[in-house]
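Please read the structure below before turning to the comments.
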Amino acid sequence: MADRSALPYGSWPSPITIEMAVTSQRTLREPRLFGSHAYWTEGRPEEQGRQVIVRWSEEDGVRDVTPPPFNARTMIHEYGGGWYTVDRASGTVYFSNVPDNRIYRLADRAPGPLTAEGPLRYGDLVMDSSRNRLICIREDHTGLTHDFAAPEGGRIAEPVNTLIAVDLGTGAESVLASGYDFYSTPRVSPDGARLAWLAWRHPHMPWDESELWVAEFDSDGSLVGERKVAGGTDESIVQPEWAPDGTLVFVSDRTGWWNLHRQDPEQPGEPIALAPMRAEFAGPQWVFGMCWYGIDADGTIYASGGGEDGDGGGIWVISATEPPRLLDVPDIRVESLQVYDGRLLYIGGSWAEPRRMVLFDLATNERRVLRDQFALEIGPAYLAEPQEIEFPTTGGQSAFGLYYAPTNPDFAGTTGEKPPLVVMSHGGPTSSATTALQLEIDAFTSRGFAVVDVNYRGSTGHGREYMRSLDGMWGINDVDDCIAAATYLVARGDADPDRLAIRGASAGGYSTLAALTFRDVFAAGASHYGVADVEGLARFTHKFESHYLDRLIAPYPDGVELYHERSPIYHVDRLRRPLIVLQGADDMVVPIAQAERMVEALRRRRVPHAYLVFEGEGHGFRRLENMKRALEGELSFYAQVFGFELADEFEPISVEYLPRLKRGMQPSA
């Protein structure tokens, strides 16, 4: 401690530059094993957020598959996912491309379109090799304008979702299943004779209620004998997979936790729970193509899971011949696990190491890192280790979070000073805080901020009851828990009670706005494309989430008064705290009109605020220059509000009406 210089918290020079923090947000997603080749996708901020399919082989190493300007994404459900597959026999890659949303075929030359032009979107692509076709989910936007023009008390017109097949020779499309509002996760049985899939209806989200269906293929490839084999009322089914013996394995939360189950589709009866425990082996299906486990040729299941009995989230080995055990790998956090022919492919990491694409050989125990998410150019001394905390909240209950202390071996705070605290409210609201390395958090902690990432009631990872505890209470329990986390850390001596900030994106942005509007604890906040008008979200959002708030708040429009009561935009006269609003101009989930209305109300009332709009960005920022400016702007905002000088040299953001503010004080009404 003696050789550490004393500087005010927040003003510490940090080796974690803003560009380093945002470049680290390159994403690794959708690992797949096809024969001897490993595939995955990379989201590259430095390429304007382009999503690139890459391939690894022993002979060639890592190579890009999709060339510029192709962007291997899909906007189905607005969130996308499941955007590519590969023909094992030929190596041909099929993928959805933004912005035209057509499916493309890539063999040896440049990609060529398979599907026709039109207002159609595709996701969850899988091969039906015996019939020379793809099976996927199609979203038909024919006749829709996407201007979010809904009648008063009504909702926008919705696209039509179906389960379809696409002929690889002609591109012709045929509908296999229709009538449900949503479909996902088609799986062709190993013998090619049957198909399994998931379906659900409004007003449910897939983590509320979903159903597992099975049918046979007839001679022309149509489905016959459709039957529901699992799921339904108050049960969520996730990721069905065919086992080698012809049974279906899937994840169900019927026990209160997302656990693995087995069902023989030919033998009606209750599914058999495999390795039941108070742990989660799945999560909320926000996007297509998500995977938490795989089945090897001998029937052994390898699953990523965490929770009260999940030991933090490693790889579980589940077989019929021995008790469940954890595989001995150094990866503390495991995501997107794939299994094929005695090998595992997954995204692994920890709080001190970046996410990485890992190939693990089960026969030799050889672990090979194929790709790092980014190159970590600093030592672990500058990285804050997450501390799991449990703290009391309203209703005599407990909530959870990850606390990160200010961490920099070169600097300490000044005598008697407590650090400013940034309370992070995640999106979803069904998401959860992660112990994986997030340099954006370390960008704060290495400059002298304390951070707490809150797993408020409604988060996943703590069982169905904990997730369901937000039903009807969105904007209340989540806010209570963020406040409880802050006051808990203040009481523990880890934060300055006069310099508490709250930040969040999407649903977390709503929690941020609600906390600043309806409560009097936080001194400032940052809303990244947050919801200001929950009625507007019910009326003017996309199909996937158009009934989401029926459970989180109340059925709409019957509960419209409650929607107004919970909407910060209708109570902006109560918002006196400085706020920075960051918004994508092309956001189709939380339209820019919500941010514009909020900022206009702040301006009208002369509340200190800053506003950044990013052209070409949707729900989440993907372009390097925009991500960089967003983080710079937020840090500059906190520095001005909390009264310290940043060590960084970048253009400060303009905060309107801030001169009336003094450090530790709030602006007058």
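Every number here is computed from the coordinates shown, using simple stated rules; none is lab data. Because the structure is a prediction, the values reported are computed rather than measured. In this analysis, Cβ positions are derived from the backbone assuming ideal geometry, glycine residues included, and neighbour counts consider all displayed protein chains.
The table below lists the values:
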read-out	value
All-pairs alpha carbon distance profile, the range 478-602, 5 Å steps from 0, percent	2, 11, 21, 23, 18, 12, 7, 4, 1, 0
Percent antiparallel among DSSP beta bridges (both partners in the range 519-669, rounded to 5)	15 percent
Karplus (6.51, -1.76, 1.60) ³J(HN,Hα), θ = phi - 60°, over the range 644-657, in Hz, Gly and Pro reported as x	9, 9, 6, 7, 6, 10, 8, 5, x, 7, 8, 10, 5, 6
Alpha-carbon Rg/Rh ratio, for the range 233-325, with Rh computed the Kirkwood way	0.93
Whole-number percent relative contact order across the chain, with pairs defined as alpha carbons under 8 Å at least 6 apart	12 percent
Over the range 306-459, equivalent-ellipsoid semi-axes from the Cα gyration tensor in Å	32, 22, 12
S469 long-range amide H proximity, modeled H, under 5 Å	G458
Potential lengthening between T255 and E270 on full extension [0.36 nm per residue; Cα-Cα distance subtracted]	4.2 nm
Relative contact order for the range 1-149, counting Cα pairs under 8 Å that sit 6 or more residues apart, in percent	13 percent
Extension gain, A157 back to T364 (0.36 nm per residue minus Cα-Cα distance, nm)	69.0 nm
Inter-site label distance for S57 and Q397 at 7 Å from Cα along Cβ, in nm	5.3 nm
Residue (of I16, V369, L575) at the positive-pole extreme of the chain, dipole from beta-carbon charges	L575
Normalised per residue, the volume of the convex hull around the Cα set of the range 3-76 (Å³)	169 Å³
Distance in nm between pseudo-label sites at A352 and R201 (7 Å out along the Cβ direction from Cα)	5.3 nm
Whole-Hz ³J(HN,Hα) from phi, Karplus 6.51 cos²θ - 1.76 cosθ + 1.60, for the range 372-386, glycine and proline x	8, 4, 7, 8, 7, 9, 10, x, x, 5, 9, 9, 8, 7, x
Given charges at Cβ of Lys, Arg, Asp, Glu: the chain dipole, positive-most of I378, T115, A585	A585
Structure-based [θ]222 nm, the chain - -39500 (n - 2.57) summed over DSSP H runs of at least 4, per residue, nearest 500	-4000 deg cm²/dmol
Principal axis dimensions, the range 288-346 - Cα atoms, whole angstrom, descending	31, 29, 21
For the chain, with +1 on Lys and Arg beta carbons and -1 on Asp and Glu, the positive-most of I332, V251, V452 along the dipole	V452
Cα-based Rg and Dmax for the chain, where Dmax is the largest Cα-Cα distance (Å)	24.7, 79
For the range 1-147, convex hull volume per residue from C-alpha positions, Å³	181 Å³
Spatial separation of Cα centroids for the range 389-456 and the range 78-101, in angstrom	37 Å
Under the Karplus curve 6.51 cos²θ - 1.76 cosθ + 1.60, θ = phi - 60°, whole-Hz ³J(HN,Hα) for the range 207-224, x wherever Gly or Pro sits	8, 8, 8, 8, 10, 9, 10, 9, 8, 9, 8, 8, 5, 9, x, 7, 9, 9
Contour minus Cα-Cα distance for Q48 and R597 (0.36 nm per residue)	194.8 nm
Residues of the range 169-195 with amide N under 13 Å of a point placed 7 Å along Cα→Cβ from K228	180-181
